[in-house]
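Colleague: Pasting a structure here, questions to come.
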Amino acid sequence: MTKRKNKKPDNRYLEDFSMLRLFNLFDNLSEQELSRIARSTEVLNFEADEVVCVEDMRSESMYFIQSGEVSISKMGVAFAHLESGDYFGEMSLITGRVRNATVTTLVPSVLFEISASVFDQLFEKSPTVMRNLLLTYDARLRRHNEVVVGQFLKLKRQFDELEDSHNRLLLSDKLASIGLLTAGIAHEINNPLFVITGYLDVLNDTLRENRIQPEEIQEIANKLNTASQSIVKLISGIKTFARIDETAPTPIDLNSAIRGSLNLVSFLYRQENIDLQNRLSEGSPMIMGNIGKLQQVLMNLFSNAKDAMESSDEKVITVETREEDSLAVVEVTDTGCGIDAEHLDRVFSRAYTTKPVGKGSGMGLDLVRKIVREMEGSIGVESEVSKGTTFRIVFPLFS
């Protein structure tokens with residue numbers, strides 16, 4: 001913890017005025033002027049980690065660093081450091097305002113302190129002081145600009161790394177979802193494939209026997225087309241869901257995206273006796289965003305709902321959409337175990353989960369909220385223990 005300010009005069013006033021030559025503020029001043037200033041300069045010794053002055057406090061003096069090093073901070077955040085030959089505190093004397101930063105010693109330091117009245121006299125009687133002060137500010141700005149640029153580049157690298165990690169997390173989450181859907185996808189593709197192979201066998205038999213009529217060929221062609229379109233639709237849905245590209249937002253038919261997501265999980269959920277219901281608005285609410293990411297949001301909510309209903313007698317997931325003023329509202333409701341009120345505020349926190357070990361990573365809802373916010377939307381939750389949970393997502397309508 002930072003110690004309190006503790007002044008310890010070495011000599012009450014500076015005896016050797018030549019020591020002031022260390023500071024460019026006094027360049028070109030005569031020995032007589034330096035001697036006068038020295039007689040009003042107090043010498044202070046500080047140990048490491050001692051506070052010299054505090055932000056937002058009235059300023060009555062400025063300081064010169066004869067030896068040592070200090071840290072300059074604002075609201076607890078260090079943004080600069082000064083060392084031997086530097087000085088500080090003059091700006092509050094010039095403006096008459098409170099100090100705008102806190103100064104703390106980093107190592108044992110010796111400081112010279114001059115009062116506001118001495119500083120004012122110095123300005124009045126020594127015109128070169130203003131020039132020297134401006135030169136000091138120019139050097140500080142150049143030095144601090146280099147620091148700021150370095151910090152910006154560091155933050156940019158960290159942002160790029162976070163964005164890369166976020167995208168890898170999105171991909172990992174998608175691959176996990178696709179893995180869980182594999183059985184359902186295989187089943188849904190197998191059904192139309194069975195129809196296609198069956199009709200192809202019929203077509204081959206009738207062609208060999210030379211007993212097929214044109215209208216029969218047309219009927220078989222229609223059946224084959226219907227079955228093949230079912231496969232195309234399913235594959236298209238998987239390809240859409242698997243997309244994680246960062247393309248510019250595009251208009252999305254909200255109801256169509258929801259139907260596509262429900263189709264992907266329908267077989268798998270039927271195997272667990274889950275009833276999927278939808279109450280989609282009569283119109284077609286349009287929103288802006290990435291459809292692959294939107295479906296990832298929906299799949300996460302469906303998965304959480306399924307897990308929450310493992311021990312429920314009635315297993316129903318209901319998806320509802322409606323328009324409210326200039327907003328599109330999506331609600332996903334389950335009849336599961338519900339969430340304790342004490343946990344509701346934490347469900348979107350990263351790595352937080354109420355599922356058993358190995359069942360949930362806690363990343364799903366954190367990702368959901370990030371994606372929803374990227375689409376300029378918001379998400380909330382309401383729940384009642386033993387009754388169920390409703391997640392409510394609100395997006396601005398695209399018009």
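Colleague: Filter the range 300-320 for residues that are under 14 Å from Asn255 (Cα atoms) and surrounded by fewer than 20 Cβ atoms within 10 Å (Cβ to Cβ) and give the result.
Modeller: Within the range 300-320, Thr318, Glu320 meet the criteria.
Colleague: Check Ser281, Ser386, Ser361 and return the single one that is farther than 18 Å from Tyr269 by Cα and modelled with pLDDT under 90. Lay out the reasoning, then the answer.
Modeller: On the way: Ser281 fails: modelled with pLDDT under 90; Ser386 fails: modelled with pLDDT under 90.
Testing whether each residue is farther than 18 Å from Tyr269 by Cα and modelled with pLDDT under 90 leaves just Ser361.
Colleague: Now a separate question. Among the residues in the range 37-55, are any without any contact (Cβ under 8 Å) to a residue 40 or more places away in the chain and either open to solvent by 30 Å² or more (accessible area, probe 1.4 Å) or not acidic (Asp, Glu) (or both)? Show your work before the answer.
Modeller: Start the filter on the range 37-55 by keeping residues that are without any contact (Cβ under 8 Å) to a residue 40 or more places away in the chain, which leaves 38-39.
Now narrow it down to the ones that are either open to solvent by 30 Å² or more (accessible area, probe 1.4 Å) or not acidic (Asp, Glu) (or both): 38-39.
The answer is yes, given that some residue of the range 37-55 is without any contact (Cβ under 8 Å) to a residue 40 or more places away in the chain and either open to solvent by 30 Å² or more (accessible area, probe 1.4 Å) or not acidic (Asp, Glu) (or both).
Colleague: Also, I was wondering about something else. Do you know which residues across the range 34-90 are outside any strand (DSSP E or B), of a type in the set (Val, Ile, Thr) and over 43 Å from the mean Cα position of the chain (by Cα)? Let's see the steps before the verdict.
Modeller: Step one: filter the range 34-90 for residues outside any strand (DSSP E or B), giving 34-41, 47-49, 54-60, 68, 75-76, 84-86, 89-90.
Checking which are of a type in the set (Val, Ile, Thr) leaves us with 37, 41, 54.
Ile37, Thr41 - these are the residues of the range 34-90 that are outside any strand (DSSP E or B), of a type in the set (Val, Ile, Thr) and over 43 Å from the mean Cα position of the chain (by Cα).
Colleague: Might you let me know whether the range 82-97 holds any residue that is open to solvent by less than 70 Å² (accessible area, probe 1.4 Å) and over 22 Å from Ile37 (Cβ atoms)?
Modeller: Checked the range 82-97: no residue is open to solvent by less than 70 Å² (accessible area, probe 1.4 Å) and over 22 Å from Ile37 (Cβ atoms).
Colleague: In this structure, does Glu113 turn out to be under 14 Å from Asn24 (Cβ atoms), touching a residue at least 24 places away in the same chain (Cβ under 8 Å), charged (D, E, K, R) and buried (at least 18 other Cβ atoms within 10 Å of the Cβ)? Write out each step before concluding.
Modeller: Details: under 14 Å from Asn24 (Cβ atoms): no; touching a residue at least 24 places away in the same chain (Cβ under 8 Å): yes; charged (D, E, K, R): yes; buried (at least 18 other Cβ atoms within 10 Å of the Cβ): yes.
When the stated conditions are applied, Glu113 does not pass them.
The values are calculated or read from the model by the stated rules, or taken from the named source; none is laboratory data. Please read these numbers as outputs of a predicted model, since none were measured by experiment. Quick reminder, even Gly has a Cβ in these numbers, built from the backbone with ideal geometry, and neighbours come from all protein chains shown. Just so you know, the surface numbers come from the protein's heavy atoms only, side chains and all, with ligands and any DNA or RNA stripped out. Shrake-Rupley method; radii C 1.70, N 1.55, O 1.52, S 1.80 Å.
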